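Encoded as structure tokens, the structure appears first; notes follow it.
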Amino acid sequence: MVRFTALCWVIFLAGCTVSGGGTIPSRALKDPRLLYEFGERRLKKDYPEDARTVFQKVRSLYPLSQYALMAELAIADTHRKEGNFITAATAYRDFEKDHPTHEAVTSGLTTWWIGYCNFRLGPGDFILFPPAEQRDLMHTRAAYMIFQMFLARYPNSPHLDRVKKYYARSREMLVKHEFYAANFYAKKKKTKGVRARMEFILTEFPDSPRVPEAAVILSRAYIKLGESQKAVDLCQKIIVHYPKRPQAAEAARILAQARQKLASGKEAPR
């Protein structure tokens, strides 16, 4: 029985293949570090399924090794590389729950990848599809919230630069959607809808470069709705905070119009 078991082990070491073809070196199978590094090489060569096979063997053969933990995280990476973003995000979340003190968690790496996966699940700008602002942005909103949380929680993270980039991209996609919706309401002459969308931008996305544009549209909506005092207050803020933006000149014109309405007595200040 002992001889039979030993023989089976030799055959296993010598004949273990990866999914994309080829064989895991027997030398690597005998050492968790070498086995993990072999998986890393397969992943870098863009063979994520092969790499996942290797990482799973690291976990099964050497469950108490430090490389088993590293392999668990790497398996999430293989799903991401394959474009299986839901599976990858779930794997990263599970890793965070199970290993909250791991460096990948405390540095914000797993949070970054969860946000990235959600961003990739959202609509892109492929030319054959409707523009992103016309489609469901549920995952984009989730990504934006995750990136926002990251910026508050990990201000010194080495992953900060790429998070900032995707934070801005997701934010502007959401802002663009609000402008699209406001334009729809404007064509239907539903000014309250325009007001709600522009107020949402100013409240939820105050760091967007399009805030002055939204504020000008909102000022016009206020006047149409008989809320000229709000238009006055908002236009003054535009002029003070964005004096060099073209919207400042437009705000000055709207400000004069709003003051004239208030002075005429047709609309009482609120």
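The values are calculated or read from the model by the stated rules, or taken from the named source; none is laboratory data. Just so it is clear, the structure is predicted and the values come from calculations on it, not from any experiment. Cβ placement follows ideal geometry from the backbone for every residue including glycine, while neighbour counts extend to all protein chains displayed.
Quick check on segment 74-82. Is at least one of its residues more than 24 Å from Arg33 (Cβ to Cβ) and at pLDDT 95 or above? Checked against the condition, which is being more than 24 Å from Arg33 (Cβ to Cβ) and at pLDDT 95 or above, segment 74-82 yields at least one hit. Among the numbered criteria (1) modelled with pLDDT of 95 or more; (2) over 13 Å from Tyr116 (Cβ atoms), which one does Leu137 miss? It fails just one condition, (1).
Restricting attention to segment 215-229, the residues that are in contact with a Ser or Thr (Cβ under 8 Å, 6 or more places away or on another chain) and assigned to a helix (DSSP H, G or I) total 3. The test for being surrounded by 14 or more Cβ atoms within 10 Å (Cβ to Cβ), among the small types (Gly, Ala, Ser), farther than 23 Å from Arg245 by Cα and out of contact with any Asp or Glu (no Cβ under 7 Å at 6 or more places or on another chain) does not hold for Ala168. Among the residues of segment 136-159, those that are assigned to a helix (DSSP H, G or I) and over 13 Å from the mean Cα position of the chain (by Cα) comprise Ala152, Arg153. Only residues that are part of a loop (DSSP other than H, G, I, E, B) and either touching a residue at least 12 places away in the same chain (Cβ under 8 Å) or among the charged types (D, E, K, R) (or both) were counted in segment 43-99, giving 8. Considering only residues in segment 20-67 that are hydrophobic (A, V, I, L, M, F, W, C), within 33 Å of the chain's Cα centre (by Cα) and over 12 Å from Thr78 (Cβ atoms), the one that is surrounded by the fewest Cβ atoms within 10 Å (Cβ to Cβ) turns out to be Phe38. The residues on offer are Phe184, Phe179, Phe150, and the sole one that is in contact with a His (Cβ under 9 Å, 6 or more places away or on another chain) and either of a type in the set (A, V, I, L, M, F, W, C) or in contact (Cβ under 8 Å) with a residue 40 or more places away in the chain (or both) is Phe150.
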